[in-house]
1. R0 = 22 Å: FRET efficiency of HIS127 with PHE85, Cβ-based, nearest 0.05?
2. Give me the lysines in straight-line cross-link reach of LYS179: C-alpha distance below 29 Å, same-chain residues under 8 apart excluded.
3. Show me, for region 137-149, the HN-Hα J-couplings you get by feeding each phi into the Karplus relation (A = 6.51, B = -1.76, C = 1.60, θ = phi - 60°), rounded to Hz, glycine and proline as x.
4. List ILE83, ILE177 from most exposed to least, where exposure is judged by having the fewest other Cβ atoms within 10 Å.
5. Per q in 0.17 Å⁻¹, report the Debye log10 I(q)/I(0) for region 3-108, using one uniform scatterer on each alpha carbon and no solvent.
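Read-outs: derived from the displayed coordinates by stated rules, not from any lab. All values derive from a computational prediction rather than experimental measurement. FYI the Cβ positions are ideal-geometry reconstructions off the backbone, even for glycines, and counts take in every protein chain you see.
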Amino acid sequence: MTKELAITMRDALKGGKNIPLRVEAMDGPVVIVDESATFAYTKWDDVNGVLYQWRLVNPQQHPNAGSNLANAVNTVAVPYEYIGFMEAVISLDDLDDQFSSIEASGCTFNSDKFKETIKYTFKEAQHPDRWRLSPRDINSIHGAEVVNDKDNYYYNGGKFTEPFKETRQKAELNEWIDKQDQP
């Protein structure tokens, strides 16, 4: 991605706050910088288009470092052009700020209803009374059937309504168990 796009995306995701980002490489799902990591410090060099991070050395990534790990610091330098995408984990309370920041970057939402739907969905999904997020809960949150709830194990008395095939070994075991339960 270009330096300008990296800056725009970073600023939009952070929403004017110090929200830690996970930055992944363009070539695959490799986290190159995690601003929320313990003992990690990040510097975005917008002038030169380089992202720096200082962090503890991971012995699994550097198995040959040996005794040098005692006083070692791992420094990562990534050109903005190598950034594939960024991810931010934010509080529901920060969504409005993030929406505003994304809009300030030039993105337009079709309607305020879309933003309200996003907030409502995640607020309901994280409600303490929705701890299992059953298909019925999911459909209720969305106000439409988005998940088939006809084969819900918990609402059907601990049974699946759909027939399924077992391997012969499991079928014989289940048959033997059923015989043990009978008087």
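1. Working: r = 29 Å, r/R0 = 1.33.
That gives a FRET efficiency of 0.15.
2. Of all the lysines, those that pass the test against LYS179 - Cα under 29 Å, at least 8 places apart if same chain - are LYS159, LYS165, LYS170.
3. 3J(HN,Hα) across region 137-149, in whole Hz: 4, 4, 5, 5, 4, 7, x, 7, 7, 10, 10, 6, 9.
4. On the way: ILE83 23, ILE177 9.
So the ranking, lowest neighbour count to highest, is ILE177, ILE83.
5. These q points yield log10 I(q)/I(0) values of -0.84.
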